[in-house]
Number of protein chains: 2
Amino acid sequence: MEAPQHEERRTQVRGAKFRALVLDATIARIAEAGIDHVRFADVADKAGVHEASLYRRWKTVPRLLIDALLTRTQAEVPIPDTGSVRRDLKMFTTDLARFAQTPIGTALIRFTVASDNAPDIESSRREFWMQRLSAAEEIIERGKKRGEVDPGADARLVVLTLGGLIHLHVTHLGTGIPTTLPGQAVALILPGITPS
Amino acid sequence: MEAPQHEERRTQVRGAKFRALVLDATIARIAEAGIDHVRFADVADKAGVHEASLYRRWKTVPRLLIDALLTRTQAEVPIPDTGSVRRDLKMFTTDLARFAQTPIGTALIRFTVASDNAPDIESSRREFWMQRLSAAEEIIERGKKRGEVDPGADARLVVLTLGGLIHLHVTHLGTGIPTTLPGQAVALILPGITPS
């Protein structure tokens, strides 16, 4: 009678709950130790799971890092699809600014700064960025299909410009981001991508 | 006969040449050790001058850091004044992109990332940024006077947007900056500040 129940609980912990526990522990370790000092053993300790189960599921630390960073960022800064480019860009930039100013968001931004990381960490960092950029570029691509955005507009440039502005506040200015900034930034850029 | 000559040489070395030697050594130490690990003793060693002369001239390390960072950045990324906002912004962004990709420029950008620096270092970092921003904003303010730029345009927002885009490439993308990027970025933003 005991064995199946125990087995059932283990199955549960190896599913969505196991993944969430481990990804949360990974984010916490990035914030504590820096992205180039995350080890399976420390994450396993923090999550209260066996280290071997991390090896089985993610194989390498960089794969775990990407999964954790993408999952957290997608949850905190979703890519909106409201039917209006202006509204989508403003929501995206506002969410990014809010997340960037939370302790975990600031830590992620500062600890994902490119540096002399090991090559596998560097490639994880880049994969994270490429996935996030491509997702956000959809806002512009959908605007092109609706005729709101000039077909020649550079979607990546728009996303990098808004993202760079928010990141700069966190990485270099070290000051709060004014709540009016996202709206002003979108208003600055929109005329440059509106069909003439 | 010896004494006056020697005195004359010392005076020279305590003037412009002394300052240049020390500032170069300071930049080199920032790049080597990080901005929060620069000490008068190491800078003096590297510059081949007496540590006491650094105390006399700059009083504190943060004051030396600001002087070195501002001097180097002003030399590498001057604020142009060609009579055209488009040309000024493109030159400024192009110079910034070029400098950001030199080893010393990359080091400066990465090592001036806000972090848990000592309070006096943090205030130096901020003073550096405020001085650079104010200088670059002149491009926009001059454009307003010439009627090229909408009087309501936010000069700081324009400078932060262009600067953020360049910085993001160095801090987070870790990729080369395409040579076409400065021109495209300026073209993206100009319609948003042009008088309607």
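The values are calculated or read from the model by the stated rules, or taken from the named source; none is laboratory data. Bear in mind the structure is a predicted one, so any value in this text is a computation, not a measurement. No Cβ is skipped: glycine too gets one built from the backbone with ideal geometry, and neighbour counts run over all protein chains shown.
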Exercise for review: Mind counting the residues in region B:171-186 that are surrounded by fewer than 23 Cβ atoms within 10 Å (Cβ to Cβ) and either within 7 Å of chain A (Cβ to nearest Cβ) or touching a helix residue (DSSP H, G or I) at 6+ places or on another chain (Cβ under 7 Å) (or both)?
Suggested key: 9
**Study point:** Looking only at region B:180-196, and only at residues there that are farther than 13 Å from A:ASP154 by Cα and of a type in the set (Ser, Thr, Tyr), the one that is modelled with the highest pLDDT
**Key:** B:THR194
**Study point:** Close pairs from region B:24-49: first within 19 Å of B:LEU70 (Cα to Cα), partner modelled with pLDDT under 85, Cβ under 6 Å, at least 6 apart
**Key:** B:ILE30/B:PHE111; B:ALA31/B:ILE104; B:ALA31/B:ALA107; B:GLY34/B:PHE111; B:ILE35/B:PHE111; B:ASP36/B:ASN117; B:ASP36/B:ILE121
Review point. Out of region A:166-186, which residues are touching a residue at least 24 places away in the same chain (Cβ under 8 Å) and part of a helix (DSSP H, G or I)?
Key: A:ILE166, A:HIS167, A:HIS169, A:VAL170, A:THR171, A:LEU181, A:PRO182, A:GLY183, A:ALA185, A:VAL186
Practice item. Please indicate, with yes or no, whether at least one residue in region B:26-40 is more than 22 Å from A:THR171 (Cβ to Cβ) and either surrounded by 16 or more Cβ atoms within 10 Å (Cβ to Cβ) or touching a Leu at 6+ places or on another chain (Cβ under 6 Å) (or both). Key: yes
Study note, to complete from the structure: By residue number, the members of region B:67-101 that are among the aliphatic types (A, V, I, L, M), buried (at least 20 other Cβ atoms within 10 Å of the Cβ) and assigned to a helix (DSSP H, G or I) are B:ALA68, B:LEU69, B:VAL85, B:LEU89, B:MET91, B:LEU96, B:ALA97, B:ALA100
Exercise for review: Assess whether A:LEU160 counts as being more than 7 Å from chain B (Cβ to nearest Cβ) and under 24 Å from B:ILE177 (Cα atoms).
Suggested key: no
Practice item. Considering each residue of region A:69-128, count those that are touching a Leu at 6+ places or on another chain (Cβ under 6 Å) and either modelled with pLDDT under 95 or aromatic (Phe, Trp, Tyr) (or both), and give that number. Key: 4
Check your understanding: Going by the conditions given, is A:ASP120 under 30 Å from B:ALA31 (Cβ atoms), touching a Pro at 6+ places or on another chain (Cβ under 7 Å) and either of a type in the set (Gly, Ala, Ser) or not assigned by TED's automatic domain parsing to the domain that holds A:VAL43 (or both)?
Key -> yes
Point to revise | Selected residue (criterion: farthest from the chain's Cα centre (by Cα)) from residues of region A:134-157 that are free of Cβ contacts under 8 Å to residues at least 12 places away in the same chain and within 14 Å of chain B (Cβ to nearest Cβ) | key: A:GLY152
Point to revise | Residue check, A:PRO62 buried (at least 16 other Cβ atoms within 10 Å of the Cβ), away from every other protein chain (no Cβ under 13 Å), more than 18 Å from A:LEU165 (Cα to Cα) and modelled with pLDDT under 90 | key: yes
Review point. Does A:GLY143 qualify as being at positive phi, of a type outside the set (D, E, K, R) and not assigned by TED's automatic domain parsing to the domain that holds A:THR26?
Key: no
Exercise for review: Could you identify the single residue in B:THR82, B:THR106 that is touching a residue at least 24 places away in the same chain (Cβ under 8 Å) and of a type in the set (Val, Ile, Thr)?
Suggested key: B:THR106
Exercise for review: Assess whether B:LEU54 counts as being assigned by TED's automatic domain parsing to the domain that holds B:GLU148, in contact with a helix residue (DSSP H, G or I) (Cβ under 8 Å, 6 or more places away or on another chain) and buried (at least 19 other Cβ atoms within 10 Å of the Cβ).
Suggested key: no
**Study point:** Residues that are surrounded by fewer than 20 Cβ atoms within 10 Å (Cβ to Cβ) and not in a helix (DSSP H, G or I), drawn from region B:187-196
**Key:** B:THR194, B:PRO195, B:SER196
Point to revise | Number of the exception - A:VAL113 against (1) without any contact (Cβ under 8 Å) to a residue 40 or more places away in the chain; (2) part of a loop (DSSP other than H, G, I, E, B) | key: (1)
